[in-house]
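Some notes on the structure that comes next.
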Amino acid sequence: MSLGVLKTLGHLVILTCALAVTAGCSETTKPGNELTQLLSSESIDLKSARREMARTMADTIPFDFDFSLQDIAGEPIRKSDFAGKLLIVDIWGTWCPPCRDEIPHFIALYQRYRPDGLEIVGLNQENGSPEAQAQKVREFQKKLGINYRCAIITEKVRSQVPKFDGFPTTLFFDRKGNLRLHLVGYHEARDLQAAVENLLHEK
């Protein structure tokens, strides 16, 4: 094969790879934005996940956690606002890929279970001034269609989590305000749904 042909093939390979990379990073490619499909409450898979999650919940060591902040719309938001509700607190950041991957799960959970008493609050760790952080989250909230409230977390609030170990960190509180589950890292929708179902079915 001649040197000229090899050069031409080389250029074609480089161009193809460049196009593939560009397509993967384009604004039209948003796999993380697809709405999560939750399981039926009667599905065998969810019932199995509920049993597994019940064991994890039983092993959870509770700790005190409270917050009183302003949400990204400038409105006060406190843990006490959600008394009598099942509350998920998602400590995350827009810069964190596993955090972003979980967002569609929380959106779907809130849509399905809010009528049953579920509330979700996102507490964000971002960079920049307080207003710049809030604006970043507002833009992300609009882009992904986040349907629950978010606020910028403070070090004082975050330090309440013992040995804080990374993002996302997700806290589940029962209707009495007690911490029942402490998860670190990305979790599949079935696991999050199982935890919600377990807590909502408690007497």
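Among the residues of the range 88-118, which ones are closer than 19 Å to ILE77 by Cβ and surrounded by fewer than 18 Cβ atoms within 10 Å (Cβ to Cβ)? Answer for the range 88-118, where residues must be closer than 19 Å to ILE77 by Cβ and surrounded by fewer than 18 Cβ atoms within 10 Å (Cβ to Cβ): TYR110, ARG114, GLY117. Quick check: anything in the range 122-136 crowded, with 19+ Cβ neighbours inside 10 Å and touching a Leu at 6+ places or on another chain (Cβ under 7 Å)? No, the range 122-136 contains no residue that is crowded, with 19+ Cβ neighbours inside 10 Å and touching a Leu at 6+ places or on another chain (Cβ under 7 Å). In this structure, SER40 does not qualify as out of contact with any Gly (no Cβ under 8 Å at 6 or more places or on another chain), in a loop (DSSP other than H, G, I, E, B) and at pLDDT below 90.
Close Cβ contacts (under 7 Å, 6 or more residues apart or on different chains) running from residues in the range 130-144 that are closer than 15 Å to TRP92 by Cβ to residues that are surrounded by 16 or more Cβ atoms within 10 Å (Cβ to Cβ) and among the polar types (S, T, N, Q) comprise GLN133/ASN124; LYS136/THR94; VAL137/THR94; VAL137/ASN124; PHE140/THR94. What residue, among those in the range 176-203 that are assigned to a loop (DSSP other than H, G, I, E, B) and over 16 Å from the mean Cα position of the chain (by Cα), is surrounded by the fewest Cβ atoms within 10 Å (Cβ to Cβ)? Ranking the candidates gives LYS203 first.
The values are calculated or read from the model by the stated rules, or taken from the named source; none is laboratory data. Bear in mind the structure is a predicted one, so any value in this text is a computation, not a measurement. With ideal geometry, Cβ positions are generated from the backbone for all residues, glycine too; neighbour counts draw on all protein chains shown.
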